[in-house]
Amino acid sequence: MKRKKVVLLGSTGSIGTSTLKVAGEIPERMEIVGLAAANSVDALAQQVAETGVKHVAIYNEEKEAELRAAVGEGVEIYTGLEGLVRLAELEGADMVLVAIVGTAGLQPALAAIEAGKELAVASKEILVMAGELVMAAAERKGVKVLPVDSEHNAIFQCLEGHAGESKEISRLILTASGGPFRTWPEEDLADVQLEQALKHPTWEMGRKITIDSATLFNKGLEMIEARWLFGVEMDKVDVIVHPQSIVHSMVEFADSSVLAQLSTTDMCFPIQYAVTYPERVPNGLKPLNFAELAKLEFEDARRDVFPAIDLAIRAGSEGGTLPAVYNAANEVAVDAFVSRDIGFTDIWKVVEQTMDAHEWNPGETLEDLIAADGEAREIAERFVQALA
């Protein structure tokens, strides 16, 4: 199999740096040909020097001159959202891996599909906001959409040989670590501080996704993603808490048998499989030692205490613009929590109130979804101000 040429959008974040690590481990199978970051000029320039790429993008247009001075001559620099789109369409690239936090990755993802590139998705917002549009476009263009999130990649692996056979699928079971407050009494959650929410028990991730893991919004977003990625209804998407994070997700089939995917907690595993699919290649990652595993625990998610899951089921079931509203309101609420303007449990309140206030529509175009996202942010900001 030939070496895959990959454009990496979001190269300086945790997924981006793991992707570069994978590329270094399997240079005969993977070549980075484009890099993009939001603001981190120094980190991006260092990555350019290490990889030798000739095409880079910086989302913050005010950073262009600084980046140009840092990378020197011979590197094509793109800026803003248009720059991300141009990089996603880069001639000669085989795959675009989108690891941008927030909604900025949506248009580049669709552009990559239209350009006939494989799309590797690590950015939840793409499928949460526009899953129906993205998957329809991929089907029309004959383009693969490959999940990078460990949970969806696990399901993808478990479904090998069952693609398109939704009647065989009883449940997609996403595993959740439960976050740092898994066993906390409900009455104590209102007093959670930012520093506590940022201490994830098993994964090292960015600030936004770490807080989402503490509230279980991360799992709610993943449920909506799974609904579109694998073509099932929301009532077939379930969540189970698994504190050890060794079983990354499972699929229960119509005959009640269950397949699970297991590995140590390292994002390099799903990134590599997305890039090398359908082949598996050796690497230097740590294998599981079953003799050293003391136990694997599973328990129901406390949906009455952590309402993000039920809100996600509502958003994914009603569809249209509501998933975009769910996502946007959560982003606003998390930012407010990080700024210490609202409390931890207020995050759920802001999202639910915003969903209740939103005027639903089918969200048949990208413009509809972007408009819903903007309106939801305005509504959520008003609720934040009322709570502050």
- At 1.4 Å probe size, with no ligands or nucleic acids counted, give the accessible surface of Val192 in Å², nearest ten. 10
- Item | Reachable aspartates and glutamates from Lys5, criterion Cα separation under 18 angstrom, eight or more residues apart if same chain | Glu25, Glu28, Glu31, Glu50, Glu76, Glu89, Glu91, Asp94, Glu114, Glu118, Glu279
- Around His55, which amide H atoms from residues at least 5 apart in sequence, or from another chain, sit under 5 Å from its own amide H, with H modelled in the peptide plane? Leu35, Glu76
- List, in order, the whole-Hz ³J(HN,Hα) value for each residue of the range 356-372 obtained from phi through the Karplus relation with A = 6.51, B = -1.76, C = 1.60 and θ = phi - 60°; use x for Gly and Pro. 5, 7, 6, 8, 5, 8, x, x, 7, 10, 4, 5, 4, 6, 5, 5, 5
- Step through the residues of the range 303-309 one at a time and calculate ³J(HN,Hα) from phi using the Karplus curve (6.51 cos²θ - 1.76 cosθ + 1.60, θ = phi - 60°), rounding each to whole Hz and writing x for Gly and Pro. 5, 6, 8, 10, x, 4, 5
- In nm, give the distance between the simple-model label positions of Lys286 and Glu76, each being 7 Å from the Cα along the Cα-to-Cβ direction. 4.1
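Using helices alone, I'd like the mean residue ellipticity at 222 nm for the chain: each DSSP H run of four-plus residues gives -39500 (n - 2.57), total over residue count, nearest 500. Walk me through the numbers on the way to the answer.
Numbers: 15 runs with 173 residues, N = 388.
Helices in the chain give a 222 nm mean residue ellipticity of -13500 deg cm²/dmol.
Let me check I've understood the local charge: for Val41, count other residues with C-beta under 14 angstrom from its C-beta, Lys and Arg +1, Asp and Glu -1. What total comes out?
On the way: positive: Lys63, Arg68; negative: Asp42, Glu61, Glu62, Glu64, Glu66.
Residues near Val41 contribute -3 overall.
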- Computed over the chain, the distribution of all Cα-Cα distances in 20 Å bins, rounded to whole %, is 28, 61, 11, 0
- Query: Tell me, what is the percent relative contact order of the range 1-133, built from C-alpha pairs under 8 Å that lie six or more residues apart?
  - Reply: 24
- Message: Tell me the accessible surface of Met205 in square angstrom (1.4 angstrom probe, heavy atoms of protein chains only), to the nearest ten.
- Response: 60
- Query: Which whole-Hz couplings ³J(HN,Hα) result when phi for each residue of the range 226-231 is put into the Karplus expression 6.51 cos²θ - 1.76 cosθ + 1.60, θ = phi - 60°, listed in order with x for Gly and Pro?
  - Reply: 4, 4, 8, 4, 10, x
- Item | Around Ala138: net Lys/Arg minus Asp/Glu count, Cβ-Cβ under 12 Å | 0
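In debye to the nearest 20, how big a dipole does the chain give about its Cα centre with +1 on each Lys and Arg Cβ and -1 on each Asp and Glu Cβ? Mind showing how you got there, number by number?
On the way: 34 positive and 62 negative charges, 236 e Å.
The calculated dipole for the chain is roughly 1140 debye.
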- Using modelled amide H (1.01 Å from N, peptide plane; none on Pro or chain starts), what sits under 5 Å from the amide H of Ile342, excluding residues fewer than 5 places away? Phe337
- Note on the structure: Spelling it out for Gly206: with amide H atoms placed in the peptide plane at 1.01 Å from N, the residues 5 or more places away or on another chain with amide H under 5 Å from its amide H are Ser14
- Could you run the Debye sum over the Cα atoms of the range 25-168, one equal point scatterer each and no solvent, and tell me log10 of I(q)/I(0) at q = 0.09, 0.10, 0.18, 0.20 Å⁻¹, two decimals? -0.30, -0.37, -1.07, -1.25
- Item | Accessible area expressed per residue, the chain, with surrounding protein chains retained (probe 1.4 Å, Å²) | 43
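The values are calculated or read from the model by the stated rules, or taken from the named source; none is laboratory data. It should be emphasised that the depicted structure is a prediction, and the values quoted were computed from it without experimental measurement. Don't worry about glycine lacking a Cβ; one is built from the backbone with ideal geometry, like all the others, and counts go over all protein chains shown. Note: accessible area is taken over every heavy atom of the protein model, side chains too, but ligands, DNA and RNA are not part of it. Shrake-Rupley method; radii C 1.70, N 1.55, O 1.52, S 1.80 Å.
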